[in-house]
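> Shown below is the structure under consideration.
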Amino acid sequence: MIDKIGKISVYVQDQEQAKEFWLNKLGFVLKLEQPMGPNAKWIEVGPSDNEFTTLVLYSKAAMEQQQPSKVAHPSILFSTTDIESAYDSMVQKGVKVGEMLRMPFGTMFTFFDQDGNEYLLREDKQITS
């Protein structure tokens, strides 16, 4: 029935600041940008050109006018194969990050975007039998 996650909307105060954050601080690529009415754009970013799933950087003000209950921030968990490198890179680029958490099931840390929205980045351990 469902075989992929297509898009995740992240409601942001300023679409241009959000685009700059995801492209320049986290190394995402711009997948799509087009006008959407007189005061907003449809902006999609993703971790690579080949990645199917994208984040839609949607105007929070526009959504508050359309459907106020939708602006609650979703819980988004990203994956990486090199958590140490990702952490160091974010710190060097001035991204607000939480402490590294090392758990039996994986290593992870939280990070925050330009609007203070919280995300989790996790490196899963391979389970061996």
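The values are calculated or read from the model by the stated rules, or taken from the named source; none is laboratory data. Predicted, not measured: the structure shown is a model, and the values here were computed from it. Cβ sites come from the backbone with ideal geometry, for glycine too, and all protein chains shown count toward neighbours. For accessibility, only protein heavy atoms count, side chains too; no ligands or nucleic acids. Shrake-Rupley method; radii C 1.70, N 1.55, O 1.52, S 1.80 Å.
> GLY94: at positive phi and under 15 Å from the mean Cα position of the chain (by Cα), yes or no?
no
> Taking only region 47-73 into account, find how many residues are closer than 21 Å to GLU118 by Cβ, surrounded by 11 or more Cβ atoms within 10 Å (Cβ to Cβ) and within 16 Å of the chain's Cα centre (by Cα).
Summing the residues that are closer than 21 Å to GLU118 by Cβ, surrounded by 11 or more Cβ atoms within 10 Å (Cβ to Cβ) and within 16 Å of the chain's Cα centre (by Cα) in region 47-73 gives 11.
> Just one of (1) of a type in the set (A, V, I, L, M); (2) assigned to a helix (DSSP H, G or I); (3) open to solvent by less than 60 Å² (accessible area, probe 1.4 Å) trips up VAL10, so point out which.
The single condition VAL10 does not satisfy is (2).
> Follow-up. Within region 11-20, can you find the residues that are touching a helix residue (DSSP H, G or I) at 6+ places or on another chain (Cβ under 7 Å) and under 24 Å from SER89 (Cβ atoms)?
Selection gives VAL12 alone.
> Are there any pairs, at least 6 apart or on different chains, whose C-beta atoms fall under 8 Å, with the first in region 96-112 and among the acidic types (Asp, Glu) and the second surrounded by 12 or more Cβ atoms within 10 Å (Cβ to Cβ), and if so, which?
GLU99/PHE109
> As an exercise: evaluate VAL45 against (1) modelled with pLDDT under 95; (2) of a type in the set (Val, Ile, Thr); (3) in contact with a Ser or Thr (Cβ under 8 Å, 6 or more places away or on another chain) and give the number of the one condition it does not meet.
The single condition VAL45 does not satisfy is (1).
> With the condition kept exactly as written, say whether any residue in region 2-21 is under 21 Å from THR80 (Cβ atoms), β-branched (Val, Ile, Thr) and modelled with pLDDT of 95 or more.
No, that holds for no residue.
> Restricting to strands (runs of 3 or more DSSP E) lying wholly in region 21-124: which have 2 or more residues that are farther than 21 Å from GLY6 by Cα and in contact with a helix residue (DSSP H, G or I) (Cβ under 8 Å, 6 or more places away or on another chain)?
By residue number, 106-112.
> Next up: With respect to LYS19, determine if the residue is of a type in the set (Lys, Arg), open to solvent by less than 80 Å² (accessible area, probe 1.4 Å) and more than 12 Å from the chain's Cα centre (by Cα).
In short, no.
Residue-wise test of (1) of a type in the set (S, T, N, Q); (2) surrounded by fewer than 17 Cβ atoms within 10 Å (Cβ to Cβ).
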residue: ASP82; (1), (2): no, yes
residue: SER85; (1), (2): yes, yes
residue: SER89; (1), (2): yes, yes
residue: GLU99; (1), (2): no, yes
residue: MET103; (1), (2): no, yes
residue: MET108; (1), (2): no, no
residue: GLN114; (1), (2): yes, no
residue: GLU118; (1), (2): no, yes
